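Inspection log for the structure reproduced underneath, given as structure tokens.
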Amino acid sequence: MTDRAAVIEQTPNQGAPLIAAKSRIQWISYLFCLPAITLMFIILLVPIFVAAVLSFSDYSLGNQSLNWIGSKNYEVIFGRSSYQKMLWATTAYVLIVVPVSIGLGLGAALLINSLKRFSDFYKAIYFLPVMAALLAMALVWDLALHPTVGYVNQNLRLGCGTMVETILSFGWLPFVDGAQSWYSTSCADEFPLWIGDRDYALATICFIGIWQAFGFNMVLYLAGLTGVPRELYHAAAIDGVKNGWDRFRLVTWPMLGPTTVFVVTITAIRSFQVFDTVEALTQGGPAKSTYVMMYAIFEKAIRENLVGFGSAVTIVFLGFVLIITFTQRYIVEKRVHY
Amino acid sequence: MANVTIRDIEKSFGSVNVLNGVSIDIEDGEFIVLVGPSGCGKSTLLRIIAGLEQQNGGNISIEDELVDNLHASHRDIAMVFQSYALYPHLTVASNIRVPLLMRRLSFLQRLPLLGRFMPGHKEIMDGIKRDVDEVTKTLGIGALMDRKPGQLSGGQRQRVAVGRAMVRHPRAFLMDEPLSNLDAELRVHMRAEIAELHRRLETTFIYVTHDQAEAMTMADRVAVMMDGDLLQVDTPSNVYKNPTDIRVAEFIGSPKINILAGQVDGSGKITVGDRVLSGLYSATKGTEIRVGVRPEALTLADIKAEGLPCRIVHHENLGSEAYFHAELNIGGRVISRMDSTALDTFTTGHEATVVIDPKNALLFDKEGQRLTSKIEVAA
């Protein structure tokens, strides 16, 4: 465009036509952008806008009309106990899965990075859960966690009365009564139902979430580690850094800052979106203990056809994700790029 | 302050030999420059001295104490890297502080948050602050203390790197091409500054560079390395005037030394082409030799003069002096360095005669070893 403008400017004796030509070219440039802008509006912005509008109504799919009910949907979300449970389950899931999967991912990446051999082997192993379809894997977990025939409880039961129980009951530690420990009481009584028990269901779902997410974080950290300049480690050695912890604190961790911000954002957003394990294993139960937002949207808007209410949950969900993204973009990013 | 002894250091990466038994005795307080073309092993040698690389053979001792099995952090030497290797997330003050934090604080005192409640923490930190302030004052970077390395210019980063090295008064300074990332003007300036720093600190400096001008201007002694071998260790003026190896003669000096093929006849007289070099004799008789002549020992004269006839193919005027590139009639090209007034007489395209000053001609045998059996007779 600038080239053509330059050509036109060189043409002599064209005062007014020149300006006209320039503005025409500007219009043409917008015309070229139009398909992209249109698509962006139709596919990205309009649906969000529609959802936002519908969230103030009681609309159901197929209805000819809708009633405006103001902020009633939002009042239900933040007021009624089952939806408070939803917010709590989602928040708890994110707060557990994000730090643990990032810690494990970083740890695995550091270990693999220090290996001279077999590192590809470990990378492949840890990355397997990421590649596998989570829905299919959820079925495997369903079998494994079955209270009676699942191999988790079967194996736990095998340990009862053996050295495994002695070790896992922690009776060998001072001031610990082994008989009161989780393992011993479970042996005497019964092992948990895992996904069927309201006290264990969310933790189990979190465990599967971590199992699935940390391989991905590991790969991101491995990529981040390749970008740490070797000379900084040498400078650290010369400066008197003797142990791995100081080296990590002085060089590795600060240099991984941008990676960490990215990993935290991605993992947090993905954790907010947890759905397939919940749908396959618990359907939000028992007693709404695993009733996460994505599942609530699915249940309300799709199963029960309460599109208006589902839209309201979606908007709340979108709010959470936007908060994370903006925090990353405007607060944290500034502090990790040097 | 310490003497550093390097004994028969060997190093190979896989099947490639990088160092083939290098030995140097570096005296206490000496400024020694390891110089050589890239890939000659000088940086590897420096890293072995630092303890960042393990040698395959030989040993290093500092203050007459073997350090081969000491980790880099225990050798008490400082290093300035080519890329400066400053911690980008730390301010200038924190960067300079790091070596002191690592050495003076215990592991518990270094812990984040908790560390400051450990006994003695405050006194040590006050001492560190004093030392850091002193160093930044010496280097004139006091105003930059709160900036991050990313906000500094190349020269400033360089100074911070030097500050981080000198803050803990190490036994020796190692510098790995510290000036090569600076622009030409700043490089000349920093050259003088580092030499001055050495005079003030009176500490052993081991400095690696591929730039022979840096080597010549800064060093007490220059160690010329090539292909993993140490060719010569001597004062800059001796390395220039009395190179023991033709490779040293060729590497040191700009423009490069002129090498001419010559013969020694039965009586010891030396001929280049068909001309006898008057007044110059060699004890090794009846052999082919190579005659090295520095550009300033090679002058152009009128075409009728006694010497090697040539044609000037190019000249470069540097203001105070001029370089003349001449094609010899017997084949080969030489460079002559003369006062720029010579430009009045000689310019590109002229025929002329090359006259060699026999007093300053260097003789080498066919293998490139210096022939010391040069006998001068008054011409």
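Please treat every number below as a calculation from the coordinates, not as lab data. Just so we're clear, the structure is a prediction, and the values are computed from it rather than from any experiment. Cβ sites come from the backbone with ideal geometry, for glycine too, and all protein chains shown count toward neighbours.
Points worth noting:
- Debye, to nearest 20: dipole size of the protein assembly as shown, +1 on Lys, Arg Cβ, -1 on Asp, Glu Cβ: 1780
- Note on chain A: with a GNM built from Cα contacts shorter than 10 Å, the maximum mean-square fluctuation among A:GLY215, A:GLY178, A:GLY103 falls on A:GLY178.
- Residue-count net charge about B:ARG191 - beta-carbon cut-off 12 Å; Lys, Arg +1, Asp, Glu -1: -4
- Simple label model, 7 Å out from Cα along Cβ direction - B:LYS256 to A:ILE125, nm: 5.6
- Taken over segment B:4-249, lysine pairs spaced eight or more positions apart, or on distinct chains, with alpha carbons under 21 Å apart number 4.
- Orientation-averaged projected area, Cα convex hull of chain B (nm²): 23.4
- Furthest towards positive pole of dipole, A:PHE41, B:HIS325, B:LEU277, structure part the protein assembly as shown, Cβ charges: A:PHE41
- Phi angles of segment B:162-169 translate, via the Karplus equation with coefficients 6.51, -1.76, 1.60 and θ = phi - 60°, into HN-Hα couplings of 5, x, 4, 6, 8, 4, 9, 6 Hz per residue; Gly and Pro are given as x.
- Size of electric dipole in chain A: Cβ of Lys, Arg +1 and of Asp, Glu -1, about Cα centre, debye, nearest 20: 940
- Segment A:124-257: C-alpha gyration tensor shape, a/c 1.5 cut-off, then a/b vs b/c: oblate
- Cβ-derived FRET efficiency at R0 35 Å, A:TYR30 paired with A:TRP68, nearest 0.05: 0.45
- Per the Cα gyration tensor, chain A maps to an equivalent ellipsoid with semi-axes of 48, 35, 17 Å, ordered largest to smallest.
- Between B:GLU65 and A:GLU333, the modelled label-to-label distance comes to 5.2 nm, taking each label 7 Å out from Cα in the direction of the beta carbon.
- Taking 4.7 Å between beta carbons as the limit, the unpaired Cys residues of the protein assembly as shown are A:CYS33, A:CYS206, B:CYS40, B:CYS310.
- Start at zero, step by 5 Å, and the Cα-Cα distances of segment B:236-295 spread as 4, 19, 25, 20, 18, 11, 2, 0 percent across the bins.
- Cα gyration tensor, segment A:102-203 - rounded (a/c under 1.5), prolate or oblate: oblate
- Cross-link partners of A:LYS85 among lysines, defined as those whose alpha carbon lies under 21 angstrom from its own and excluding same-chain residues fewer than eight positions apart: A:LYS72, A:LYS288, A:LYS300.
- Applying Stokes-Einstein at 37 °C and 0.692 mPa s to the Kirkwood radius of segment B:1-141, computed over alpha-carbon pairs, gives a translational diffusion coefficient of 186 µm² s⁻¹.
- Ranked from largest, the principal axis spans of the Cα set of the protein assembly as shown equal 116, 92, 49 Å.
- Scattering from segment A:289-328 was approximated by placing one identical point on each alpha carbon and applying the Debye formula without solvent; log10 I(q)/I(0) at 0.24, 0.30 1/Å stands at -0.73, -0.91.
- Its Cα gyration tensor gives segment B:256-376 an equivalent ellipsoid, and the semi-axes of that ellipsoid, as √(5λ) in whole Å with the largest first, are 27, 14, 12.
- Neighbouring Cβ atoms from other chains, within 10 Å of the Cβ of residues in B:95-104, number 3 on average.
- Legend: mean number of C-beta atoms from other chains within 10 angstrom of residue C-beta atoms, peptide B:70-83, equals 4.
- Between A:LEU250, B:THR353, A:SER29, the Cα set farthest toward the positive side of the dipole of the protein assembly as shown (charges on each charged residue's Cβ, about the Cα centre) is that of A:SER29.
- Lysine pair count for segment B:256-376 with Cα-Cα distance under 18 Å and sequence separation of 8 or more or different chains is 8.
- Using θ = phi - 60° and Karplus 6.51 cos²θ - 1.76 cosθ + 1.60, couplings along segment B:363-369 (whole Hz; Gly, Pro as x): 9, 10, 7, 5, 7, x, 6
- Judged by the ratio a/c of the largest to the smallest principal axis of the C-alpha gyration tensor, segment B:1-80 counts as prolate, that ratio being 1.5 or greater while a/b is larger than b/c.
- Spatial separation of Cα centroids for segment A:125-172 and segment A:303-335, in angstrom: 34
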